[in-house]
1. Compute the acute angle (0 to 90°) between the alpha-carbon long axis of helix 197-228 and the principal axis of greatest extent of the alpha-carbon atoms of the chain; round to the nearest 10°.
2. For the chain, calculate the relative contact order in percent as a whole number, restricting contacts to Cα pairs under 8 Å that are 6 or more residues apart.
3. Could you give the radius of gyration (one decimal) and Dmax (whole number) of the Cα atoms in the chain, in Å?
4. Quick one: 3J(HN,Hα) in Hz for segment 110-118, Karplus 6.51/-1.76/1.60 with θ = phi - 60°, rounded, Gly and Pro as x.
5. What 222 nm value per residue comes from the helices of the chain, counting each DSSP H run with n ≥ 4 as -39,500 (n - 2.57) and dividing by all residues, nearest 500 deg cm²/dmol?
6. For the ranges 7-15, 51-59, what's the packing order if you count other beta-carbon atoms within 10 Å of each residue, average per peptide, and put the highest first?
7. Among 174-186, 210-222, 135-147, how do they line up from the highest to the lowest mean number of other beta-carbon atoms within 10 Å?
8. Hey, how much of the P(r) for segment 120-198 falls beyond 17 Å, as a percent of Cα pairs?
Amino acid sequence: MKQFMPLKPIKRGFKVWAMANSSNGYLINFDVYTGKKSSNQTEFGLGENVVLDLTQNLKHKSCCLYFDNFFTSIPLIDKLHKNDLFACGTFRVNKKMYPKDITKKDKDFKMGDTDFAQSGDVSISRWKDRGKKPVTFVSNMHNASATEIVLRTNSRGQRTPILCPSSIADYNRYMGAVDRFDQYMSAYSLSQKSRRWWVKLFYYMLDTTIVNFFLLYKVRSKLTDQLISDFSSRQRRPTISPMSNKRKDSTGSVQISEKHLAIK
């Protein structure tokens, strides 16, 4: 079950696919990779099947999913849309079904330049940021022509506004949920070394439980503060001008976080 992952900080270990809430990092679902397994979803590869397995209980709940190019494919984006799930992810230009309408070469892109194509509900956008090459995104919840203004630092150190496709802006805004969860878990991990392989997974699940309880505690505390607001059970002493100390009703309302989820 141990895997060799040369691009990860820890090269060898257990691979865990995870899906977390983008608003706070709460871990919603995970799956320990145990090697190749038979699946009825033969038309998809490993990455696509991981997304479909983790989102099995989210069908028809209109959640927004974000993942990187290991998982992304146009057939997967279309499949999720049929399940009433919105998705956005980075995309490799050498994958199948890449649109031929996008003909602009990488060297012709300047910072802030955009090229896009759309077919039905699926859109593909290319955008040049500060890197050497433009980034490519595929989405089933964004209009390819929709843009937002983001700030970038120019060569003189000044922050200047440039246009950015909405799909890329939302991806940068919501994608870091799993990394946030890992950061919480690494701060006070209970994991210990052992010769028994299952002990590592046991401590991982224990750490997961602790982090999720901590995040639920934070949400509950925030909700409690909003419900209590400025209410006090103490009786105020009468003053010369009672109307001057009249307590105003709170107009704050409980805000429910949007259903944005990240998979990694």
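1. Long axis of 197-228 versus the principal axis of the chain: about 40 degrees.
2. Values: 390 pairs, mean separation 58.2, N = 264.
It comes to 22 percent, rounded to a whole number.
3. 23.4, 80
4. 10, 4, x, 6, 9, 9, 8, 8, 9
5. Counting only the DSSP helices, I get -8500 deg cm²/dmol.
6. Top to bottom by mean Cβ count within 10 Å: 51-59, 7-15.
7. Most protected by this proxy first, the peptides run 135-147, 174-186, 210-222.
8. Across segment 120-198, Cα pairs with separations above 17 Å total 63 percent.
The values are calculated or read from the model by the stated rules, or taken from the named source; none is laboratory data. All figures in this text were calculated on a predicted structure; none of them were measured in a lab. Cβ sites come from the backbone with ideal geometry, for glycine too, and all protein chains shown count toward neighbours. To get the accessible areas, we keep the full protein, side chains included, count just its heavy atoms, and leave off ligands, DNA and RNA. Shrake-Rupley method; radii C 1.70, N 1.55, O 1.52, S 1.80 Å.
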